[in-house]
Amino acid sequence: MLFVIDVGNTNIVLGLFEGRELCHSWRVNTSRQTTADEYGILFRALLDHSNFSPKQVGAVIISSVVPPLTAEIAKMAKRYFDHDPLVVGPGLKTGIAISYESPRDVGADRIVNAVAAFDRYGTAGVVVDFGTATTFDAIGPQGEYLGGAIAPGIGIGAEALFQRASKLPRVNVERPAKVIGRNTVHSIQSGLFFGYVGLVDEIVRRMQAELDGDTFVIATGGLATLIASESSTIQSVEDNLTLNGLRLLHERNLPKRK
């Protein structure tokens, strides 16, 4: 079985594949102070709780946008699963061209998402990933990664209001019943939710115009379903897009049989 690990700034998402089938997935908080041993014990416990054995893991692949944790997670894979992991980065075969001024600057998760999206749709398109930051990634008609846009995540916006405006409370990000809020909580939720929907749709429309042709628009990440419910541009939500991209990258980097 293939154990895939996506290390994000807020969460680490884990997946266990049997061939192309995602058997199970888990989500844990990202902690830059957690050691390889602590993560190893945690990940093995999660597998055991879901009736999987660490001995069933035949390979590990890692995508990370948290440099201090990349080495720790790689060390964990070797120590607790007895495998040298593949780590998404320079030198890994992706199967797509990266048309970015400095390819090394592109977040690993953005490349992984592009690989998965083009494999699914086979045409030009846009991937919107709702994480700590919200990223918009443009994919060309041949699957090439063209670049994109990065905006603060909606959670950052909510927290900034609470931290920087003395009288405003911390609120959950939800869709309010109306745009015109009748109390402070609903007013904040309106500004965050509808403002963010507008941000997403405007950036996507402008990207589609630059791509100049039929495009898919796919969303992933924690708040994808919430924003997609009001968005006029998002066509589908794929919760496991990054995990599937990691599976594909592992397949593309297997040693060729003689």
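Each principal axis of the range 104-258 carries a Cα extent, and these read 67, 31, 25 Å when sorted largest first. Counted over the range 1-149 with a bin width of 10 Å, the fraction of Cα pairs per bin, in whole percents, is 11, 39, 35, 15, 1.
Give me the percent of DSSP beta bridges within the range 2-87 that run antiparallel, rounded to the nearest 5.
Working: 14 of 22 bridges.
Percentage antiparallel, nearest 5: 65.
Sorted on the mean count of surrounding Cβ atoms within 10 Å across their residues, most packed first, peptides 169-176, 144-151 read 144-151, 169-176. Residue ranges 233-244, 92-103, 121-132 sort as 121-132, 233-244, 92-103 when ordered by packing (mean number of other C-beta atoms within 10 Å per residue, highest first).
Taking amide H as placed 1.01 Å from N in the peptide plane, the amide H of Asn11 sits under 5 Å from that of Thr30, each at least 5 places away or on another chain.
Close amide H pairs (under 5 Å, H built 1.01 Å from N) link Gly153 with Ala133, Thr134, residues at least 5 positions away or on another chain.
Provide the FRET efficiency to the nearest 0.05 for the Asn29-Ser229 pair, computing r from the beta carbons and using R0 = 22 Å. After rounding, the FRET efficiency stands at 0.30. Once backbone amide H atoms are built at 1.01 Å from N, Ala59 has Phe3 as its partners under 5 Å, excluding neighbours fewer than 5 places away on the same chain.
Restricting to the range 103-246, what percent of DSSP beta bridges are antiparallel, rounded to 5? Walk me through the numbers before you get to the answer.
Numbers: 13 of 21 bridges.
Here the antiparallel bridges make up roughly 60 percent for the range 103-246.
Starting from the Cα gyration tensor of the range 2-87, take the square roots of the eigenvalues, sort them a ≥ b ≥ c, and report rounded, prolate or oblate (rounded when a/c is under 1.5, otherwise prolate if a/b is larger than b/c, else oblate). The shape class here is rounded.
Packing-based ranking of 216-222, 42-48, 246-252 yields 216-222, 246-252, 42-48, ordered from highest to lowest mean Cβ neighbour count within 10 Å. Set the Förster radius R0 to 41 Å, insert the Cβ-Cβ distance between Asn183 and Thr10 as r into 1/(1 + (r/R0)^6), and round the FRET efficiency to 0.05. Result of the calculation: an efficiency of 0.90. Scaling the Cα radius of gyration of the range 158-240 by the globular reference 2.2 N^0.38 Å produces a ratio of 1.26. Bridges between two residues of the chain, per DSSP, are antiparallel at a rate of about 60%.
3J(HN,Hα) along the range 169-176: x, 7, 10, 6, 7, 9, 7, x Hz, from the Karplus curve 6.51 cos²θ - 1.76 cosθ + 1.60 with θ = phi - 60°, whole Hz, x for Gly and Pro. With a cut-off of 13 Å between beta carbons, the residues surrounding Gly191 carry a summed charge of +1, where Lys and Arg count +1 and Asp and Glu -1. Here the Karplus curve 6.51 cos²θ - 1.76 cosθ + 1.60, taken at θ = phi - 60°, turns the phi angles of the range 98-108 into couplings of 10, 9, 10, 4, 10, x, 5, 7, 6, x, 4 Hz, with x standing for Gly and Pro.
Karplus-derived 3J(HN,Hα) values for the range 137-145, using 6.51 cos²θ - 1.76 cosθ + 1.60 with θ = phi - 60°, are 10, 9, 10, x, x, 9, x, 6, 7 Hz; glycine and proline are entered as x.
Across the chain, the mean sequence separation of Cα contacts (distance under 8 Å, 6 or more residues apart), normalised by length, yields a relative contact order of 18 percent. Placing dummy labels 7 Å off each Cα toward the beta-carbon, the span from Ala165 to Asn253 is 4.4 nm.
Values quoted throughout were computed directly from the atomic coordinates according to the rules given, and no laboratory measurement underlies them. Remember, it's a predicted structure, so these values are computed and weren't measured experimentally. Cβ atoms come from the backbone with ideal geometry, glycine included; neighbour counts cover every protein chain shown.
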